[in-house]
Amino acid sequence: MTSYYDDNSTVIGENSGALQGKDAAAPELKKVIPRETKLTGKKPEKDSDFITPLHTPEENRPFFVRIGRGGVIGALEELDKQLTNANLTRLLSKKVPTDWTGREIAPGQIGLINHGGVPKILTRPGLYPGFPLRNWWARSWCGTKGLSDTVIEFQGLTIVQVSQNQAAVVSDPQNQVFVVRNSGFVAYAMEGTYDVLSIVDQTHLPNAVIDRLTGVNLGSTHEVTMRSKVSGSKEKDYVVATFLNIPANNCAILQRDDDLELLGAGQSVITNPSVTLRGLYTLGENQVEMPTKDIFTRDQVPVSLTIYLKWQLTEPLKLATHGYSTPYEALHDKTQSILTQIVAHLDYSSMVKQRSLGPDNMDDKTDPSSQFLDALRTRAMDDMHEAALEYGIVLKDLAVIDRQFKGEIASTMDKLTTRGLQAQVEAANVDRENSNKVKQEEGALAVTQIKAQAANTQADAEAYRVIAAAKAQAQRIKIEAEAQAEATRMQAEAEAEAIQIKAKADALVVDTFAREMELRRQEVARIKAYGAKTVFVPTDTAGAQMGNALALGMAATLGAENGRAIKA
């Protein structure tokens, strides 16, 4: 079995425990493609040592105990047993706490005592009396520490325990570096020290890696260094561990000699100096506008194009195998080469009219520059797609969004083109003004028609209102007349009935005195109505009848005269 000291851990994947057992497997990564496989066709060895599992640190390490379910106290007791069995000074103090005086150790704390340069630990809470109540010869009190502290270092004793999101980078007495994640250990160094180089927050690494071209966040890194003395008092920092935090849909490529390794998303750490980070890549879609260098047409007119590219990296190992650090670098070189070949076979006149190439004009067969469009459609797209696949890139879109012609011929043609465009713009402006005038007249006519319709509608409504009012007035008068006639009739009937009732009542009176009294009452009522000086003349005498005859004769004469006047 390879010793932990001989082959240090290289890459620890997200699923790897911090202190794994002897049978722990290496973190599962996607695949290894050695460069000799790509070039010579040889297959890599079955048991590749590119990824070395992190062996249990206590292998071949004296006085090293991992923290288990018993916690820090259990690990200290186990370490104390190992020291006792090795006939060395015990680690745990034999002092017994009291409850009446002394230095206090609260629950969740340990006490530290320097016993002649050797550490002594008090693990039981309580009060510990000082001298002379207890033996403190060659001993000095060094305070207390919390059992949950991440790092405790005291007189060669090192206690490290990290949480789920933390990682501790530790250097052992032989300057071998290992990483502790989601666990901890207790160790006592007789020669040298266990140095905790850094406690790293794995999900919030300080150095973000941003693609300078597309602005995509590729991940974050953090390098842990160890200061070493090189010669004399000169000190220098050396990188001993590199932490990686790769977001979803991103990846990293590691290199060891000529072997490449694809590392997926998650948190990882590199501790082997022979393994280097080749680069971080995104597997999502990217798009960019790429300017090209000057390309000469067949008639030696220089032209500069601006290309729109959209791609997606699917196999980063192929890209890294060809020596490119970004997909853009591979596409830039290939695009420049293919466009140079296409434009070199075209004339200036075939390219000057069409300004862009995209989905709107790809199928326009009547375009004067169809030669240029056909060449780009049939050659550039196909050649670029095929070339991109060789680098593990899928080209999804290609379009020429702008071109700039250079030289005297191009300048003259640009002037002519500008004049033609100005004439077209002026003609378009005249057409637009005429169209606006026509639309204004049509709008005025439509407004007049609408007003006439509104007036007709208003007149119809007014006539209907008058007719309705007349009908309502006639109906009202009719109803009032009928009501008045009915009321008159009912009143007459009531009066007649009252007279009849009164007459019947009078007829029923047979007493002479009663009749006489009724006549007197009528006489009183008549005098009261017409006054006391009124003279009542009887109308049934001869004189009265003569007066009636005279009145009738006079009326007949007046009627005859009126009739003759009408006939005349």
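The order of the peptides 242-248, 103-109 by mean Cβ neighbours within 10 Å, most packed first, is 242-248, 103-109.
With a Förster radius of 30 Å, plug the Cβ-Cβ distance of residue 89 and residue 227 into 1/(1 + (r/R0)^6) and report the FRET value to the nearest 0.05.
Working: r = 31 Å, r/R0 = 1.02.
For R0 = 30 Å, the calculated efficiency reads 0.45.
Candidates 266, 239, 314 compared by Cα position along the dipole of region 189-333: farthest toward the positive end lies 239, with charges placed on Cβ.
Each Lys and Arg adds +1 at its Cβ and each Asp and Glu adds -1 at its Cβ; summed about the Cα centre, region 225-302 shows a dipole of about 500 debye. Positive end of the dipole of region 402-466 (Cβ unit charges, origin at the Cα centre): among 436, 421, 456, the Cα lying farthest that way belongs to 421. Inter-label distance, residue 296 to residue 342: 2.1 nm, where each label sits 7 Å from its Cα along the C-beta direction.
Taken as Cα centroids, region 195-232 and region 138-184 sit 22 Å apart, rounded to the nearest whole angstrom. Length available on full extension from residue 429 to residue 507: 0.36 nm per residue minus the Cα-Cα distance, which gives 16.7 nm.
Please compute the length gained on full extension between residue 285 and residue 497, using 0.36 nm multiplied by the number of residues separating them and subtracting their Cα-Cα distance.
Working: separation 212, 0.36 × 212 = 76.32 nm, distance 11.16 nm.
That pair, residue 285 and residue 497, stretches by 65.2 nm at full extension.
Sorting the segments 204-217, 491-504 by their residues' average number of neighbouring beta-carbon atoms within 10 angstrom, most packed first, yields 204-217, 491-504. For the cross-link pairs 318/396; 334/396; 145/236, the ones whose C-alpha atoms lie over 20 Å apart are 145/236. Taking Lys and Arg as +1 and Asp and Glu as -1, the other residues whose beta-carbon sits under 10 Å from that of residue 302 total +1.
Of 94/229; 406/437; 502/528, which pairs sit farther than 32 Å apart, going by alpha carbon to alpha carbon? 94/229; 406/437, as the Cα separations exceed 32 Å there.
Bear in mind these aren't lab numbers, they're just calculated from the coordinates by the rules spelled out. For clarity, every value in this text was computed on a predicted model and none was experimentally measured. When we count neighbours, we look across all protein chains shown, and the Cβ atoms used for this are built from the backbone with ideal geometry, even at glycine.
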